[in-house]
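S.K.: Pasting a structure here, questions to come.
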Amino acid sequence: MDPMIDAVVPAVVPQIFINMYPVAIIIAIITAVTGLLGIILAKSDFQKILLIQVVTYAMLLIVAAVGTDLAEALILPGLVVSLAEILVVSEILISREVTRRSEKGEDPRKLKLKFNPIKMEVIKTALPVTSVVTVLYGAILTGFTGGAVAGAGILIYLFVGKLRGFSHNFWEEMVGISGVAWVLWLLGFLLYFLNPQLWLVALFMSGGGIVIKVALKLGLLGMLGREEFNN
Amino acid sequence: MEERNLTIDLDLFDNIYRNLSVIWCIKMNDIVDINGLIIGHFPFVDIVPYITPFSLALVATIVTFTVFLAISNPEYRSITRFKEDVVRKETVEKKEARFRRFMTILCGVALIGVVTTGDIFNFALFVSLTGISNIGIFAGIKDTHVLDAAFQYGLVLMICSLPLFGGVALILANTGTLSLGVLGNLPSNQIINVGRTLLLIGAVGEGALAPFFATKVEMIRAKGAPFINMMHLSSLMVFTRIIELLLILG
Amino acid sequence: MGKENEIKNKILAIVTSIPLLLGIFLNLPLAVTIAILVVFVPISTYYVGLVLMARAKNKEDEEKRKKITFTGY
Amino acid sequence: MYYPVNFNLIYILLEIITAFIFGGLLLGLHRKVMARIQGRPGPPIVQHLLHTFKFYIKELSIPNTSSMPLYVAIVLAMDAVWILALIVGPILGGSFLIIIMCYAVHKVAEHGIGLASGSPYTKLGSTRAVLSATAEMPLIAVPALVFFKTDTLLLDGIINYQIVNGSLFTQLPLVALAMFVLVLSKTPYSPFGIVWGKDIVSGYKTEHFGVIRGVMMMGEILAFFALLWCFITIFFGGIITAPLAYMVAMTGITVILAFICALTPMVAPYHAVMIQWIFAILAVVNVLLI
């Protein structure tokens with residue numbers, strides 16, 4: 001074994017995982033090259049923005065390839081940054097289009113953007129019980145990943161069929177709960193920094209907080225697709 | 001088997017935690033060689049922001065500039081057109097100016113993060129934040145040429161988040177740490193060099209530095225002197241900091 | 001520039017020179033010394049310049065007035 | 001390195017005043033030599049200083065279109081930053097990176113000065129300032145190359161290295177050339193001085209008169225002095241140590257700069273960028289060869 005790897009990677013990590021690292025990097029490079037080629041070939045500016053997401057995935061792949069819990073924590077900020085960049089660049093694109101058309105003499109107030117939710121048949125015909133299974137599995141996993149899985153469950157619940165039981169107000173209150181959970185997560189981290197002896201409590205606080213926070217935040221995306229909530 | 005490993009890890013952790021200040025005082029030779037005396041540091045286990053004369057000077061500059069740019073009014077532009085016998089005075093609209101002023105202040109805050117952080121991942125995050133706020137400064141302008149250039153810059157910005165974060169991830173995978181204080185003492189190897197190069201490319205793209213200046217020169221034709229000046233400041237400050245960072249990593 | 005502005009400039013010139021004078025007479029720590037020099041030297045130069053400018057202008061005006069009196073325009 | 005806890009303000013102030021007067025005389029000499037080469041008598045050597053003082057008693061006019069606190073503050077910032085450089089460099093022997101930062105802020109200040117007045121000429125000058133930053137960025141790779149050689153960026157450390165190992169000029173001649181081009185681009189009438197080219201009236205300084213122009217000229221004099229000092233310290237630190245030797249060396253370099261400025265035309269903006277890139281690449285090649 002390479003002494004450098006010996007120094008960095010703990011002995012408990014099986015050899016097969018260490019061998020996966022170069023493979024992951026190569027896949028990331030291939031992804032990046034594919035995305036960049038797409039950008040070169042694409043003519044429309046809008047198409048370019050969409051294709052740049054592929055390059056961003058390559059970035060996330062390289063970060064994820066590290067494979068530690070630290071890497072898991074680093075993916076989220078990376079994702080957020082890339083999302084923010086996409087938002088700001090699309091804003092520029094919209095603003096440029098509006099300016100260009102108003103220079104041509106069109107009334108810019110008429111150029112309103114319409115909200116078009118995606119209509120996928122798969123979602124409408126899915127079994128609602130999958131959401132329960134997914135939420136349960138996410139709760140067992142805990143942590144960020146668990147939160148994401150459970151959030152997917154809530155998404156499915158919100159997308160599929162008619163809403164029964166939970167009113168609009170209920171989901172509004174969920175926003176508050178997700179905020180509280182986020183604070184719990186932060187407090188857990190703070191406790192960990194201030195008093196490392198209490199690491200178990202801190203771990204449970206932050207682990208529980210993040211699973212609730214991510215699940216609810218992700219699940220709330222589903223509300224965007226509901227017509228009855230968008231009035 | 002698992003228990004044993006856990007105890008070893010905890011021991012190591014405890015050791016590092018206890019001796020952290022000692023490590024920082026003795027072992028930060030690389031940083032001392034580049035920046036001068038370390039005046040202070042805040043030990044947050046692994047992430048250690050440190051204060052040197054260099055970072056103090058940078059922070060002072062950035063704070064002063066941000067304050068003055070934020071309180072300045074945008075300038076007037078006298079514009080003459082063909083077939084017209086008048087000179088118009090144009091300036092930034094009030095609503096637009098307020099948004100751009102906010103973005104300017106945000107950029108200043110992000111820059112302070114860039115120059116003080118002691119963690120390369122945070123550095124990458126703050127650099128991309130300056131990039132985003134730079135584009136934000138130009139988002140409200142009603143000029144197709146400027147918006148076109150800003151859009152191109154935005155594309156470069158998004159593409160360059162790949163080398164920026166990729167370089168950080170490579171260094172993390174190779175050394176197991178993100179802290180500059182620890183990285184400064186580690187010997188350099190091929191993979192770290194690749195990571196450094198990627199980091200440089202990323203920062204160059206995000207800060208609109210040397211080869212990507214062309215879009216920037218187009219962008220600064222817009223109105224609103226104080227806000228545009230912030231963009232130039234941000235890219236030069238990012239550059240000054242990246243020199244230091246690359247030298248510490250090496 | 002009005003009379004009030006001139007007085008304001010004079011006051012500012014004096015105020016911004018005070019830290020420099022303080023630094024000369026007191027033995028201040030290095031960081032404070034650097035801060036004083038970097039901040040107050042340019043500002044006091046600027047305001048002293050404004051005061052000098054106002055004085056030179058007044059002098060010029062006076063000379064003109066004298067010219068008118070003595071050459072009998 | 002040792003930072004003294006108490007340091008006399010008078011001493012530092014005197015150093016700054018000396019730098020101002022000597023730098024002004026050097027720029028006067030620069031004009032004189034240029035004039036003689038071109039077969040003119042030229043102004044007296046004190047002319048540049050007199051010019052600076054003259055502006056202090058000229059009327060200050062601030063354009064109606066300018067963006068107000070910025071218009072004055074950015075000029076003061078230019079002064080402040082070079083005062084900082086003079087304290088960090090000659091007095092404390094601190095980090096070279098701080099001086100690089102000062103140089104960067106000088107660029108920002110040039111840009112801001114041009115933008116703040118709202119005049120199209122100054123705008124053009126400031127656009128060129130941004131463009132010329134493209135050219136000078138690679139040249140700022142000089143500190144990195146020096147660091148790889150000496151393992152330190154503190155000016156004291158660089159001087160010590162040269163006292164032990166001989167001056168860096170003989171070891172890294174092409175890096176020295178790159179830094180020399182950097183100094184050259186900050187000299188008035190230089191081939192790379194596209195920011196204040198006469199083809200755009202006076203570049204970013206077009207709208208600045210009176211006191212504010214005087215303050216600006218003071219900043220430029222300090223900048224010229226500080227850059228010369230850095231060049232001599234980094235590449236001749238082993239040989240030149242006494243103040244008198246510094247003065248002689250600065251005068252010599254100024255004469256060389258005057259010869260170059262007198263005999264070369266101002267190049268077009270893009271060519272200026274290209275030529276400086278070539279020098280930067282040569283510097284990198286120098287390091288790769290060794």
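The values are calculated or read from the model by the stated rules, or taken from the named source; none is laboratory data. It should be emphasised that the depicted structure is a prediction, and the values quoted were computed from it without experimental measurement. In this analysis, Cβ positions are derived from the backbone assuming ideal geometry, glycine residues included, and neighbour counts consider all displayed protein chains. Quick note on the areas: whole protein, heavy atoms, side chains included, nothing else; ligands and nucleic acids left out. Shrake-Rupley method; radii C 1.70, N 1.55, O 1.52, S 1.80 Å.
S.K.: Given the residues D:130, D:88, D:75, D:81, which is the only one that is assigned to a helix (DSSP H, G or I), open to solvent by less than 20 Å² (accessible area, probe 1.4 Å) and within 7 Å of another protein chain (Cβ to nearest Cβ)?
M.R.: Exactly one residue qualifies, and that residue is D:130.
S.K.: Examine segment B:142-153 for a residue that is within 7 Å of chain A (Cβ to nearest Cβ), out of contact with any Cys (no Cβ under 6 Å at 6 or more places or on another chain) and within 16 Å of residue B:207 (Cβ to Cβ), and state whether such a residue exists.
M.R.: Looking through segment B:142-153, at least one residue is within 7 Å of chain A (Cβ to nearest Cβ), out of contact with any Cys (no Cβ under 6 Å at 6 or more places or on another chain) and within 16 Å of residue B:207 (Cβ to Cβ).
S.K.: Ok, one more. Taking segment B:206-250 as the region of interest, how many residues are more than 7 Å from chain D (Cβ to nearest Cβ), within 24 Å of residue B:34 (Cβ to Cβ), assigned to a helix (DSSP H, G or I) and of a type in the set (Gly, Ala, Ser)?
M.R.: 2
S.K.: Taking the residues in segment A:37-60 that are open to solvent by 60 Å² or more (accessible area, probe 1.4 Å) and in a helix (DSSP H, G or I) as candidates, determine which candidate is farthest from the other protein chains (Cβ to nearest Cβ).
M.R.: Restricting to residues being open to solvent by 60 Å² or more (accessible area, probe 1.4 Å) and in a helix (DSSP H, G or I), the top hit is A:41.
S.K.: Right, next: What is the one condition in (1) modelled with pLDDT of 80 or more; (2) of a type in the set (A, V, I, L, M, F, W, C); (3) not in a helix (DSSP H, G or I) that residue B:186 does not satisfy?
M.R.: (1)
S.K.: Going by what's in this entry, would residue D:219 be described as under 16 Å from the mean Cα position of the chain (by Cα) and either more than 30 Å from residue D:118 (Cα to Cα) or of a type outside the set (Lys, Arg) (or both)?
M.R.: yes
S.K.: Still on this structure: Looking only at segment D:54-70, which residues are facing chain B (nearest Cβ under 8 Å), assigned to a helix (DSSP H, G or I) and open to solvent by less than 30 Å² (accessible area, probe 1.4 Å)?
M.R.: Within segment D:54-70, just D:70 meets the criteria.
S.K.: Related question: Determine, yes or no, whether residue A:106 is assigned to a loop (DSSP other than H, G, I, E, B) and not aromatic (Phe, Trp, Tyr).
M.R.: Yes, satisfied.
S.K.: Report yes if some residue within segment D:206-216 is surrounded by fewer than 22 Cβ atoms within 10 Å (Cβ to Cβ), farther than 22 Å from residue D:24 by Cβ and charged (D, E, K, R); otherwise report no.
M.R.: no
S.K.: Go through segment B:70-80 and give me each residue that's facing another protein chain (nearest Cβ under 7 Å) and either assigned to a helix (DSSP H, G or I) or of a type in the set (Gly, Ala, Ser) (or both).
M.R.: B:71, B:72, B:78, listed by residue number.
S.K.: Would you pick out the residues in segment A:165-178 that are open to solvent by less than 50 Å² (accessible area, probe 1.4 Å) and touching a Leu at 6+ places or on another chain (Cβ under 9 Å)?
M.R.: Answer for segment A:165-178, where residues must be open to solvent by less than 50 Å² (accessible area, probe 1.4 Å) and touching a Leu at 6+ places or on another chain (Cβ under 9 Å): A:171, A:174, A:178.
S.K.: Given the condition closer than 30 Å to residue B:119 by Cβ, within 14 Å of another protein chain (Cβ to nearest Cβ), among the charged types (D, E, K, R) and open to solvent by 40 Å² or more (accessible area, probe 1.4 Å), answer yes or no: does some residue in segment A:103-121 qualify?
M.R.: no
S.K.: Identify the residue in segment D:142-167 that is more than 10 Å from chain B (Cβ to nearest Cβ) and of a type in the set (Gly, Ala, Ser) and, among all such residues, is surrounded by the most Cβ atoms within 10 Å (Cβ to Cβ).
M.R.: Per the criteria, the residue is D:167.
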